There are 2 protein chains.
Amino acid sequence: MSDPDGERTSVTRRAVDRIKAMIADGRVGPGERLPTERDLSAQFGVSRSSMREAIRTLTTLGVLEARHGAGVYVTALRPADLLETFSVLAEVSQGRTLLEVLQVRRMLEPAATALAAARASAEDLDRVGALLDRMEGGPDTPCADTVTADLGFHQAIVASTGNATLAAIHDGLSSHTFNARVWAGHREAGLTAKLREDHERIHEALVARDPDAARAAATVHVLRVERWLSADLAGSGD
Amino acid sequence: MSDPDGERTSVTRRAVDRIKAMIADGRVGPGERLPTERDLSAQFGVSRSSMREAIRTLTTLGVLEARHGAGVYVTALRPADLLETFSVLAEVSQGRTLLEVLQVRRMLEPAATALAAARASAEDLDRVGALLDRMEGGPDTPCADTVTADLGFHQAIVASTGNATLAAIHDGLSSHTFNARVWAGHREAGLTAKLREDHERIHEALVARDPDAARAAATVHVLRVERWLSADLAGSGD
DNA sequence: CATGCGAAAGTGGTCTGACCACTACACGCT
DNA sequence: AGCGTGTAGTGGTCAGACCACTTTCGCATG
């Protein structure tokens, strides 16, 4: 698919590439069933073990799905399928990498929020509004639900751009654990009100269908989190 | 590690979880070597085949790295390691999803190019310049090397932002196959000169260390490709 | 004594063929 | 016609063998 390097390539690797090629060429489409492992291994001239490892690879990548006793199928190949493995990043990231992740979000979220302001349907806005209410529900003590609502708030916004790929990537860059840290940190500093303001400002821009305002509001918000993290990391020794 | 669901779980899955746990518990750290496949399979009470599939899974996820004849090692667990799987997206995407991918690139690349204009080192700029020359090497007949140089050109730019996470995500959104289609399409329409202009404009902005110009040049470029794809998809039936 | 080379041990990679667990489907029974 | 039930076929697991490669160590050589 990508590197036709002259090096000797492993049997399994070649099998993976051939299956990928079958999908890329349209010989098998999303949702369709592949030949059996035994057939494929015979067809490719490899052992069933190697064939299985190739299938295992593509299963892990979210391209194939093996159903015990029924066969191997190509997934819908939706971005969400292929980016599922992606979500570990935000979870395992620490320190500098976390800053890098936020920097990427600072590039994506303003643009995405602006797009959402232009494209969101009425139902989308209702959903976003409901999550905003849920976030503000409690008094001054952010609980687990606040964090979840926060996560959902941003995800709902990005989802309402209608770009599933964008949504999947954004979700991979967000994590519940990190959000919880942000809220905890802001509560200690008595700054949860600032976060609420940010969210309200974003929501208002969306409802007003004002992309520029939405972009600005999102930028302010991500920047606030980024600076907090910066300070937090510096404080506890980078 | 995550889901202790009551369902019967496959042998291989359990093996995957046990290795993950070994890493999470710190029993093996980044860069360290695991016991041999034979030892692990004996220790976990599974066959070597299943053990191999478990290792294959974690290798695919970028957590482990198998060196033929030498052993299995834990990777450095850097973002680039974990996001390698990401590249499948661009490889297997078609039609609408491809448009979505480009839309995400339109958000990332201008920002990344602007950042690169501010941050790139002299060596970074040399590397980018060399790739630009290589891209323009041939006369009017873009060959495989042109496509490769194109890919490298953009990757080098993003890499020179110093944000490895950003670079890894960007690389995942690019693909040799897609780039080849773009060049082929533009050659048919006699528009390869436009692509060259775009690249030169971007390079100039970087050398001039002008973030605004860089952002604009990158936007123009991605937009051109996006519009071409739009037309191409419409032409050959969505 | 230092050095280079080659044999050997140990590792991941591949193959074979068998059996198990599960699903789907068609057949026969009610 | 409806419903179990058996059976063929699928992916999942196992065992043991051999191949390809890397590393290491001892031996011969300078």
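Any read-out appearing in this document is the output of simple, stated calculations on the displayed coordinates, not a laboratory observation. Being a predicted model, the structure only gives us computed values, none of them experimental. So basically every Cβ, Gly included, is an ideal-geometry build from the backbone, and we count neighbours across all protein chains shown.
See the values below:
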quantity: Residue check for residue B:15: within 10 Å of DNA strand D (Cβ to nearest atom), within 14 Å of another protein chain (Cβ to nearest Cβ), in contact (Cβ under 8 Å) with a residue 24 or more places away in the chain and buried (at least 19 other Cβ atoms within 10 Å of the Cβ); calculated: yes
quantity: Subset of the stretch A:34-50 (residues that are part of a helix (DSSP H, G or I), within 11 Å of DNA strand C (Cβ to nearest atom) and either among the polar types (S, T, N, Q) or out of contact with any strand residue (DSSP E or B) (no Cβ under 8 Å at 6 or more places or on another chain) (or both)); calculated: A:38, A:41, A:42, A:44, A:48, A:49, A:50
quantity: All helices (runs of 4 or more DSSP H) inside the stretch A:51-143 with 3 or more residues being under 30 Å from residue B:161 (Cα atoms); calculated: A:79-82, A:88-92, A:95-119
quantity: Residue list for the stretch A:187-228, filter: aliphatic (A, V, I, L, M) and over 30 Å from residue A:124 (Cα atoms); calculated: A:189
quantity: Qualifying residue in the stretch A:112-128 (condition: within 9 Å of another protein chain (Cβ to nearest Cβ) and on the phi < 0 side of the Ramachandran plot); calculated: yes
quantity: Unique match (being more than 16 Å from DNA strand C (Cβ to nearest atom) and in a loop (DSSP other than H, G, I, E, B)) among A:31, A:26; calculated: A:26
quantity: Filter pass, residue A:63 being more than 8 Å from DNA strand D (Cβ to nearest atom) and under 13 Å from residue A:22 (Cβ atoms); calculated: yes
quantity: Which listed residue, of A:207, A:220, is more than 14 Å from chain B (Cβ to nearest Cβ) and either of a type in the set (D, E, K, R) or in contact (Cβ under 8 Å) with a residue 24 or more places away in the chain (or both); calculated: A:207
quantity: Condition met for residue B:104 (within 16 Å of DNA strand C (Cβ to nearest atom) and either among the β-branched types (Val, Ile, Thr) or within 14 Å of chain A (Cβ to nearest Cβ) (or both)); calculated: no
quantity: Residue satisfying condition, being without any contact (Cβ under 8 Å) to a residue 12 or more places away in the chain, over 20 Å from residue A:90 (Cβ atoms), more than 14 Å from chain A (Cβ to nearest Cβ) and surrounded by fewer than 18 Cβ atoms within 10 Å (Cβ to Cβ), within set B:69, B:45, B:31; calculated: B:45
